[in-house]
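Asker: Once you've had a glance at the structure underneath, I'll fire off some questions.
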Amino acid sequence: MNESNAIYNYFLNRIQTIELTKKGTVVASNNLFFKINKGQAVNEIHPFFEIVNDIIASDNEEIVFDTIQLDFSDQVIISDIVIYTGNKKVNPVILIYDNTKSYDIVQETTQQKNEVFIADFFKTQKLLKSQEEKELKNEFLAGITDSLKTPISSISGLLELFEKSNLNFDQKGLLKVIRTSMSHLNRLTNDVLDLTKSEMGNLNIELSSFDFDDLIEDIEKLFSNKFLLKGIAFKVIKSDRIPRFLIGDRARVLQIMEYLLENAYKYTNEGEVIFEVKIDNSGNPKKIGLLFVVSDTGVGFDDTIKEQLFKGFKRINEQDKDRIGMGLAVVGNLIQLLNGSVKVESKPNIGSTFSVFMQFNIDLNLDTKATTSNLPFKKREIRKKLSILLVDDNEINQLVLMKLLINHQGFFIDIATNAEQAMNMVLKDSYNLVFVDLNLSANNGFKTIELIRANEEPKIKKLPIVAFTSYEGEMEVKKCKLLKVNEYMVKPYTNQELFEVIYSVLDIK
């Protein structure tokens, strides 16, 4: 017993213990080496203890620091310090061992080691915090754009309905202004969504065979009239040596070219814009390399701006705040995703040239190509009325879809606002097709699909389902495939796209 007391007293006279709250406030201290008041913040005691709150918040159970020099007004202590982070039942504790005599010789080297550790710790914590903030920002922006997609889709649908009604000249002009504004809003929403997807690693590419000649024609049609109305000459030059059918992501290539040409349109007030595509086989010899060049005689910019061009949410200065948007940041991310490269040349008041290099596989199976891709949309007659169930709790979405189907003719439509109601209606009545909005409250969208697919009645289990969503997330796509959803439509979609899906799913010839 005497020996135990002796050991206890030995350590008691050499260790200062400091008990803390989870927030780093002193609960108790034996004040062996220096005095600390109850309720005092631990980071105010000594500069070393500024790290304590971060350690308490970390996942470490304990951290040991060797050879820490603590300078106080009346003494200098060279000590070993152990910080226990505690748990739900036990408060954090700091143990300070006085080893001044033992460490006089090696103090300097070990002190440097600890300073490096502390610096690295702070750096790691800063990086983690930065990553967390970035993820939160991306989740927030994805949520905002997701919420915007639904009203954009509804308004676009209503605009298409209005365009088919009897409008006078002034009304048609106003409708055109509204459609232009909606198109701009949709582009901004997609910009934000693509940026957040890219930073979150969710921006995907889809490789498939496509008609390259058709792509260039689409680009020319999109911009010819715009440049003509602005008084800018627009030239499209394509090498005849480029094969017609290539394998790549047509939608992403079109998106990149749209951004670059829109940029040229915005900042060119006189002169011309040239869009040229030529072969550049400087890359992989097994693929065809194409160089897409967009040159303009616009306002141009200097080298300081060039460095910021492909960075999202950047402003060069207040005068240039409208000149650099999210579009070019999206372009940079997409080009990188497609394993391409981009070069920029520009001079103020002379113009700019953007050169994008991308590689494609050549599709040699030309005889398998569909020849109907360029045919105009043709409304098909529905001889026998079809019953459709729409599962959506948004009244505007309900109104738009009902109007579209009624105007088309040939459809009966019922509406359910949640999974339970939808399932009761499916069990009671016979439907040819079910539309499900995945953005239903409380995840009822997927629940609706799961209930239908889990039903033992073959006719119900195999009901054709078309899912609507405002956010094309990777997990959503996988889940839809797993649940055997027939089609997956991303808002906003056009009326033509909607009916083409209906024709395809229901095999309407």
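Asker: So what's Rg/Rh here for segment 405-480, counting alpha carbon atoms and using the Kirkwood radius for Rh? Please report the intermediate quantities before stating the final value.
Answerer: Values: Rg = 12.8 Å, Rh = 13.2 Å.
With Rg and the Kirkwood Rh in hand, the quotient comes to 0.97.
Asker: How far apart, in nanometres, would the label points at Leu254 and Lys306 be if each is projected 7 angstrom from Cα along the Cα-to-Cβ direction?
Answerer: About 3.2 nm, to one decimal.
Asker: Separate question: Express as a percent, rounded to the nearest 5, the fraction of DSSP beta bridges in segment 209-368 (both residues included) that run antiparallel.
Answerer: Numbers: 27 of 33 bridges.
Looking only at bridges with both residues in segment 209-368, the antiparallel portion is about 80 percent.
Asker: Determine the gain in length on full extension of the stretch Glu50-Ala119; use 0.36 nm per residue of separation and subtract their C-alpha separation, reporting nm with one decimal.
Answerer: Values: separation 69, 0.36 × 69 = 24.84 nm, distance 1.18 nm.
My answer for the length gained is 23.7 nm.
Asker: Between Gln421 and Leu185, with labels modelled 7 Å along Cα→Cβ, what's the label distance in nm to one decimal, could you check?
Answerer: It works out to 2.6 nm between the two label points.
Asker: Right, here's the next one. Treating cross-link reach as a plain straight distance, find the lysines whose alpha-carbon is under 16 Å from the alpha-carbon of Lys149, omitting any fewer than eight places away in the same chain.
Answerer: Qualifying lysines at Cα under 16 Å: Lys197, Lys491.
Asker: Follow-up. Alpha carbon centre of segment 464-509 versus segment 43-70: separation in Å?
Answerer: Here the two parts' Cα centres lie 55 Å apart.
Asker: For Lys378, which lysines qualify as cross-link partners when the Cα separation must be under 18 Å and same-chain residues fewer than eight apart are set aside?
Answerer: Lys164, Lys509
Asker: Further question on the same structure: If you wrap a convex hull around the Cα atoms of segment 209-368, how much volume per residue is inside, in Å³? Let's see the in-between values first.
Answerer: Numbers: hull volume 17.7 nm³, N = 160.
Output value, Cα hull per residue: 111 Å³.
Asker: Give me the net charge for the shell around Leu463: Cβ to Cβ below 11 angstrom, other residues only, Lys and Arg +1, Asp and Glu -1.
Answerer: Numbers: positive: Arg453, Lys459, Lys461, Lys462, Lys484; negative: Glu457.
Local net charge: +4.
Asker: When only Cα pairs under 8 Å and 6 or more residues apart are kept, what is the percent relative contact order across segment 386-506? The partial results should precede the final answer.
Answerer: Values: 174 pairs, mean separation 27.4, N = 121.
Answer for segment 386-506 is 23 percent.
Asker: While we're looking at this one, here's another question. Evaluate E = 1/(1 + (r/R0)^6) for Ala442 and Ser387, where r is the Cβ-Cβ distance and R0 equals 25 Å; express this FRET efficiency to the nearest 0.05. Working shown, then result.
Answerer: Details: r = 26 Å, r/R0 = 1.06.
Step by step, r from the Cβ atoms, then E = 0.40.
Asker: Suppose R0 equals 45 Å; then what is the FRET efficiency for Lys403 and Glu345 from their Cβ-Cβ distance, rounded to the nearest 0.05? Please report the intermediate quantities before stating the final value.
Answerer: Values: r = 50 Å, r/R0 = 1.12.
Efficiency at R0 = 45 Å is approximately 0.35.
Asker: Please state the charge dipole magnitude for segment 3-101, taken about the Cα centre, from unit charges on C-beta atoms (+1 on K and R, -1 on D and E), reported in debye and rounded to the nearest 20. Spell out each step's value before the answer.
Answerer: Working: 8 positive and 13 negative charges, 85 e Å.
Computed about the Cα centre, the dipole is about 400 debye.
Asker: Then there's this: What do you get when you divide the Cα radius of gyration of segment 3-101 by 2.2 N^0.38 Å, with N the number of residues?
Answerer: Details: Rg = 13.3 Å, N = 99, 2.2 N^0.38 = 12.6 Å.
Relative to the 2.2 N^0.38 Å estimate, segment 3-101 comes out at 1.06.
The numbers here are math on the coordinates, done by the rules we state, and not lab data. On a predicted model such as this, the values are computed, not experimentally measured, just so you know. As a convention, Cβ positions derive from the backbone with ideal geometry for all residues, glycine included, and neighbour counts pool all protein chains shown.
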